[in-house]
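Engineer: What follows is a structure written as structure tokens; I'll ask about it next.
The values are calculated or read from the model by the stated rules, or taken from the named source; none is laboratory data. What you see is a predicted model, and the numbers here were worked out from it, not measured in a lab. Please note: Cβ atoms are built from the backbone with ideal geometry, for glycine as well, and neighbour counts cover all protein chains shown. The area values use the complete protein model at the heavy-atom level, side chains included, leaving out ligands, DNA and RNA. Shrake-Rupley method; radii C 1.70, N 1.55, O 1.52, S 1.80 Å.
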Amino acid sequence: MSVTTIDSAESMSAASTTRRVVAAATVGTIVEYFDFAVYGYLSTTLALVFFSQRDSSTALMGTLATLAVAFAVRPVGAVLFGHIGDRWGRRTSLISTLLVMTGSTVVIGLVPGYSSIGVVATVALVLLRCIQGMSAGGEVGAAVCFVGEHVEARRRGFYTGFTQLGVVIGTLFGSAAVAVIAALLSEQATVDWAWRIPFLLAVPMGAIGIYIRLKLQESPDFKRVVASEEVPALPVRGLLRNHRGALLRTVGIATTSVAGYWVVYVYLAIYLQKNLGYSLGVAMGSTTVCLVVSAGAMLLFGRFTDVFGRRRTFNAAALALFVLVWPLIKVMEVGSVPLVIAAHACLGILAGGLMPVISAAMPELFPTSIRATGMGLGFNIANILAGGTAPFVVTQLTVWFPDLDIPAVYVMFFAVVGLIAAHSLPKTEGMSFHEIDSRLSR
């Protein structure tokens with residue numbers, strides 16, 4: 001066999017491995033975030049099902065507070081599943097997060113409502129949301145590490161961006177599922193029983209995701225750390241002792257992305273209904289279009305971050321979001337459905353553009369031995385500060401300051417936070433993780 005033939009076979013094998021790894025990580029993330037997003041999109045319905053109806057506004061705030069509480073435990077999940085990923089492998093962590101998310105989502109779909117079992121239903125919902133939050137807290141760190149450690153360094157931004165694409169596609173599927181229910185069934189039927197359908201879809205979707213992840217091999221970089229006997233007994237201790245600066249930078253850049261995600265993809269669906277008077281169908285249709293457009297933008301920006309660098313691409317996207325979010329939300333308030341959809345789609349491009357950039361930058365800030373814990377914890381602290389709490393915080397601020405465009409102000413604030421944090425991002429694009437490890441150990 002000639003050298004050329006051997007090289008060609010190895011190249012094809014490497015390409016096949018890359019496709020399998022990216023597909024497995026992306027499919028699992030789709031399932032995780034479908035399950036997680038459905039709750040946000042059904043907030044107004046779940047308020048009727050799981051809370052007392054003596055005060056409808058309080059019921060909605062209770063539902064959004066439950067959404068926020070799930071994010072309070074996400075750092076716990078990041079540390080737990082990050083520990084699993086850094087100690088026993090990214091693959092083990094990926095399978096574990098998906099099992100936990102699938103199980104808790106299915107149980108939510110089976111729990112009786114407040115009218116049947118009273119406050120027990122509310123308590124059960126809160127507990128199950130916390131379990132979901134822990135699972136989601138471990139997913140992104142493990143998935144990004146797994147993909148990033150398998151693919152070639154010069155295209156790491158493009159390929160790790162697929163994990164964030166999975167977040168958007170999962171959210172899109174959740175939006176589409178709720179939009180279909182809203183289009184085909186009455187609001188009363190949705191409240192009575194149809195809200196359970198998206199949650200129960202976790203069974204087949206989760207089974208597919210788990211099966212695909214079981215077929216994976218562990219990442220080469222993790223194997224290298226194991227072979228050199230550098231696996232830490234307690235990854236979070238090494239993180240907090242030696243890499244606090246990297247953790248803070250991760251939190252800073254991630255707040256911009258997650259604020260954009262939760263305002264643009266989740267909160268605006270509530271805002272369109274409660275503040276601007278649109279139907280659930282219009283709100284979810286607009287969100288679905290926004291997510292489709294955003295998915296395309298993510299592939300483009302993932303490539304940009306490899307070509308132009310992490311810091312430069314992040315700065316451009318964050319600055320564009322800061323400048324344009326306020327006028328685009330003002331356009332949505334004009335009263336025209338086509339303008340709502342167009343403005344929402346533009347916001348989706350801006351919010352989606354940030355996601356592959358941070359997925360490329362975050363894992364490059366940490367050594368392989370603590371990477372899953374480091375980026376997972378940083379990302380999920382950002383989610384507490386700016387992400388899953390956003391619908392609750394923005395809804396309350398809108399009540400207190402009705403004359404301000406609070407959704408725009410909220411996103412603009414965290415765009416500034418991200419720009420400050422990105423100022424100290426190192427130049428890491430094109431570097432192998434072995435090179436990054438060597439530099440960080442000096």
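Engineer: Compare the Cα positions of Pro198, Ala422, Gly166 along the charge dipole of the chain (+1 at Cβ of Lys, Arg; -1 at Cβ of Asp, Glu; about the Cα centre) and return the one farthest towards the positive end.
Structural biologist: Result: Ala422.
Engineer: Mind ranking Trp326, Trp195, Trp400 by accessible surface for me, highest first, 1.4 Å probe?
Structural biologist: The ordering from most to least exposed comes out as Trp400, Trp326, Trp195.
Engineer: Please work out the average accessible area per residue across the range 323-373, using the 1.4 Å probe convention, and give it in Å².
Structural biologist: Here the residues of the range 323-373 average 26 Å² of exposed surface.
Engineer: Using a Gaussian network model of the chain with C-alpha springs under 10 Å, which one of Ala177, Ala15, Ala317 is most mobile by mean-square fluctuation?
Structural biologist: Result for the chain, Cα springs under 10 Å: Ala15 fluctuates most.
Engineer: Name the most mobile residue of Pro204, Pro407, Pro112, meaning the one with the largest mean-square fluctuation, in a Gaussian network model of the chain with Cα contacts below 10 Å.
Structural biologist: Of Pro204, Pro407, Pro112, the most mobile in the Gaussian network model is Pro204.
Engineer: So for Met375, Met431, what's the accessible-area order with a 1.4 Å probe, most first?
Structural biologist: Of Met375, Met431, the descending order of accessible area is Met431, Met375.
Engineer: On to the next question. What nm value, rounded to one decimal, do you get for the distance between Ser228 and Tyr211 when each label is placed 7 Å out toward the C-beta?
Structural biologist: Reported label-point gap for Ser228 and Tyr211 is 3.9 nm.
Engineer: Then there's this: Rank these by accessible area, largest first, 1.4 Å probe: Cys290, Cys130.
Structural biologist: Cys130, Cys290
Engineer: Same structure again: Taking the Cα centre of the chain as origin, work out the dipole magnitude from +1 charges on Lys and Arg Cβ and -1 charges on Asp and Glu Cβ, in debye rounded to 20.
Structural biologist: The dipole magnitude comes to about 700 debye.
Engineer: Further, regarding this structure: Rounded, prolate or oblate for the range 26-178? Axes are the square roots of the Cα gyration tensor eigenvalues, ordered a ≥ b ≥ c, and the cut-off for rounded is a/c under 1.5.
Structural biologist: prolate
Engineer: Report the dimensions of the range 215-263 along its three principal axes from the alpha-carbon atoms, largest first, rounded to Å.
Structural biologist: 43, 34, 13
Engineer: So what's the gap between the Cα centers of the range 397-428 and the range 102-168, to the nearest angstrom?
Structural biologist: 25 Å
Engineer: In angstroms, what radius of gyration and Dmax does the chain have, counting Cα atoms only?
Structural biologist: So, for the chain, Rg and Dmax equal 21.2, 78 Å respectively.
Engineer: Using a 10 Å cut-off on Cβ atoms, rank the peptides 115-125, 346-356 from the highest mean neighbour count down.
Structural biologist: Result, highest mean Cβ count within 10 Å first: 346-356, 115-125.
Engineer: To continue, here is another question. For the chain, which whole percent of the accessible surface, found with a 1.4 angstrom probe, sits on carbon and sulfur atoms?
Structural biologist: That fraction is 68 percent.
Engineer: Further, regarding this structure: Go through the range 417-427 residue by residue and turn each phi into a ³J(HN,Hα) via Karplus (6.51, -1.76, 1.60, θ = phi - 60°); whole Hz please, and just put x for glycine and proline.
Structural biologist: 4, x, 5, 5, 5, 5, 4, 9, 5, x, 7
Engineer: Please give the charge dipole size of the range 258-393, origin at the Cα centre, charges +1 on K and R Cβ atoms and -1 on D and E Cβ atoms. Round to the nearest 20 debye.
Structural biologist: I would put it at about 160 debye.
Engineer: Just want the answer: with Cβ charges of +1 for Lys and Arg and -1 for Asp and Glu, which residue in Cys346, Tyr265, Gly77 is farthest toward the dipole's positive end in the chain?
Structural biologist: Sorting the options by dipole projection puts first Gly77.
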